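The values are calculated or read from the model by the stated rules, or taken from the named source; none is laboratory data. Everything quoted here is computed from the prediction, not taken from an experiment. Note that each Cβ is placed from the backbone with ideal geometry, even for glycine, and that neighbours are counted across all protein chains shown. Side chains are part of the model used for accessible areas, which takes the heavy atoms of the whole protein and leaves out ligands, DNA and RNA. Shrake-Rupley method; radii C 1.70, N 1.55, O 1.52, S 1.80 Å.
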Amino acid sequence: MYAIQWPSGENAGALSLADVTRVLTVENAANEHALAAVLAPQVVAVAKDYSHVFAASTTFGKDLMPRVAALLGTAQISDIMAVESANRFRRPIYAGNAIVTVETDPAATIVGTVRSASFEAAASGGSAPIEKASVNVELPTHTRFVSVSAAKNDRPDLQTASRVISGGRALGSADGFKILYSLADKLGAAVGASRAAVDAGYAPNELQVGQTGKIIAPELYMAVGISGAIQHLTGIKDARTIVAINKDGEAPIFEVADIGLVGDLFQIVPEIEKMIG
Ligand SMILES: Cc1cc2nc3c(=O)[nH]c(=O)nc-3n(C[C@H](O)[C@H](O)[C@H](O)COP(=O)(O)OP(=O)(O)OC[C@H]3O[C@@H](n4cnc5c(N)ncnc54)[C@H](O)[C@@H]3O)c2cc1C
């Protein structure tokens, strides 16, 4: 198994994964900021000798891989959740309401994005060498980096956190969300949000969980004031334990919750925080 390393070193963790035997690094000043349009031809140059080219189904992977597939003249398999053979995979469709098994031409390079939440974490303990890959391709000039504005916080990353507390429309405002941040800090949890909460401006876009947000698989997921729409549940299908707080005992979220608390979140959340101390 091979991994490609970006100059930013963001995927330096690839070195220590048990089954990674080599890490290829592509040195090019144009890669200072990871732009899918610029990286795709370089990935293709490195990857054309390989049978499979995969990236995680993150926002970045979903941006990069369709370009890689297009340049290789093949179709992409999105959101792989199970591998049945070298060219046969299962993936969700209709917001996770159905699972489809797809097969690709084994003669073509197989390009896909993988739902990391559907797989066990790879074992660590490897020490793969880093090798420089020489890539000599013309890079596109139609896309260039202008600036980045990203919110920084010290909380765990939503996509990898073992505990996540998400809030919905019921929080009522960005100020209302503060009670979740406070509880999350005590629990060492990441904060997520429903789309309704994001659309209303209560929480930033990058916190959205669900079909059009992040797909996550934490040990503990607390859904606070979230109704449990199918598009939201798609994002937490693989969560180990789901705790729901909702004042409506008939809310669909209780159908998937392992623990349900029926009541006003503005009373329950501070009580939980007090209990934790
Ligand atoms: C194509 C498409 C993609 C979508 N993608 C996503 C996605 O990625 N993620 C996502 O989340 N949604 C997504 N949606 C939207 C989704 O259908 C729902 O509209 C959304 O999830 C609802 O958010 P909510 O549960 O916060 O709000 P609501 O459905 O309004 O639910 C609010 C809940 O809070 C409860 N409540 C109210 N006050 C209190 C209180 N004081 N204490 C306790 N409980 C209270 C209510 O009983 C209710 O159950 C998508 C929709 C479409 C069409």
In degrees, nearest 10, range 0 to 90: what is the angle between the Cα axis of helix 59-72 and the longest Cα principal axis of the chain?
30 degrees
Crossing angle, helix 178-187 versus the chain [Cα axis fit, 0-90 degrees, rounded to tens]:
70 degrees
The range 165-277: relative contact order from alpha carbon pairs under 8 Å, six or more residues apart, as a whole percent, is 23 percent
In a Gaussian network model of the chain with springs linking alpha carbons closer than 10 Å, the residue among Ala229, Ala107, Ala203 that fluctuates most is Ala107
Using the heavy atoms of the protein chains and a 1.4 angstrom probe, tell me the accessible area per residue for the range 178-277 in square angstrom.
47 Å²
Starting with the highest mean, order 163-172, 268-277, 35-44, 84-93 by the number of other Cβ atoms within 10 Å, averaged over the residues of each peptide.
163-172, 35-44, 84-93, 268-277
Run the helix sum for the chain: -39,500 (n - 2.57) per DSSP H stretch of 4+ residues, divided by residue count, reported at 222 nm to the nearest 500 deg cm²/dmol.
-6000 deg cm²/dmol
For the chain, what number results from the quotient of the Cα radius of gyration and 2.2 N^0.38 Å?
1.11
Below 14 angstrom from the Cβ of Ser134, what's the summed charge of the other residues (Lys, Arg +1; Asp, Glu -1)?
-1
Carbon and sulfur atoms: what percent of the 1.4 Å accessible area of the chain do they account for?
50 percent
Distance in nm between pseudo-label sites at Ser85 and Asp63 (7 Å out along the Cβ direction from Cα):
3.7 nm
Rounded to the nearest 10 degrees, what's the angle between the helix 36-47 long axis and the longest principal axis of the chain, both from Cα atoms, 0 to 90?
50 degrees
Accessible solvent surface per residue of the range 86-160, calculated while the other protein chains remain in place, 1.4 angstrom probe, Å²:
73 Å²
Assign unit charges at the C-beta atoms only (+1 for Lys and Arg, -1 for Asp and Glu), then state the dipole size of the range 45-99 relative to its Cα centre in Debye, rounded to the nearest 20.
60 debye
